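K.L.:
One structure, pasted below without further comment.
Rule-based calculations on the coordinates, nothing more; no lab input. This one's a predicted model, so the numbers in the text were calculated from it and none came from an experiment. Here Cβ is always computed from backbone atoms with ideal geometry, including for glycine, and neighbour counts include all displayed protein chains.
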């Protein structure tokens, strides 16, 4: 089996990214603020905009044998008073590829990119409170809990809490 390859996604990756994102929204709807119903109508042009943001954000993918197996996004907060914070979003690894360290590789890429964002002092993320595996991964990378949002998401009538985590960066 070939080694995983993590790289920044480009416009050419729009179709596989769209499919992986829709798969993620179906498989674990409680893990995302968006829903399949909201995103299944997005075009490849919409997805290309995610991949090539106007600011210094980025999306990364991990590939196994040339197939997109996971994704993560990182972006800077837009408001002037919050631009010292980056946010990780859309972290997902396909079920068949889990347990191989691909999530860790994606997170390393996102954190490394956040370190290149001038003035960013911390990286934040949220994780569904019942997702112990993801929370453990984030904690092992140095993220600490700074808050808990009760009933943050409502998916098919069921309420889910979110744990808020942050990682301080030395480059601020």
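K.L.:
Could you state the number of Å between the C-alpha centres of the stretch 113-142 and the stretch 47-89?
P.N.:
Taking the Cα centre of the stretch 113-142 as reference, the centre of the stretch 47-89 is 13 Å away.
K.L.:
Here's something else I'd like to know. For the chain, what is the relative contact order in percent, using Cα pairs closer than 8 Å and at least 6 residues apart in sequence?
P.N.:
20 percent.
K.L.:
Additional query: Relative to the present Cα-Cα distance, how much length would full extension add between residue 145 and residue 122 at 0.36 nm per residue of separation?
P.N.:
That pair, residue 145 and residue 122, stretches by 7.0 nm at full extension.
K.L.:
Quote to one decimal, in nm, the extra length available between residue 43 and residue 130 on full extension: 0.36 nm per residue of separation minus the C-alpha distance between them.
P.N.:
Contour length minus the Cα-Cα distance gives 28.1 nm.
K.L.:
May I ask you to derive the FRET efficiency for residue 2 and residue 80 from their Cβ-Cβ distance with R0 = 35 Å, giving the value to the nearest 0.05?
P.N.:
Efficiency for this residue pair is about 0.20.
K.L.:
Something else about it: Which shape class, rounded, prolate or oblate, goes with the stretch 94-172 when its Cα gyration tensor gives a ≥ b ≥ c as root eigenvalues, a/c under 1.5 marks rounded, and past that a/b bigger than b/c marks prolate?
P.N.:
Oblate is the answer for the stretch 94-172, as a/c is 1.5 or above yet b/c matches or exceeds a/b.
K.L.:
For the chain, with a Gaussian network of springs between Cα atoms less than 10 Å apart, report the residue from 141, 106, 159 with the top mean-square fluctuation.
P.N.:
Largest GNM mean-square fluctuation: 159.
K.L.:
If you don't mind, there's one more thing I want to ask. Checking the a/c ratio against 1.5 first, then a/b against b/c, what shape does the Cα gyration tensor give for the stretch 5-168?
P.N.:
Judged from the Cα gyration tensor, the stretch 5-168 comes out rounded (a/c under 1.5).
K.L.:
Checking the a/c ratio against 1.5 first, then a/b against b/c, what shape does the Cα gyration tensor give for the stretch 127-172?
P.N.:
Prolate shape, in that a/c is at least 1.5 and a/b is the bigger ratio.
K.L.:
May I pose another question? Take residue 98 and residue 115, extend 7 Å from each Cα along the Cα→Cβ direction, and tell me the distance between the two endpoints in nm.
P.N.:
Roughly 2.9 nm, to one decimal.
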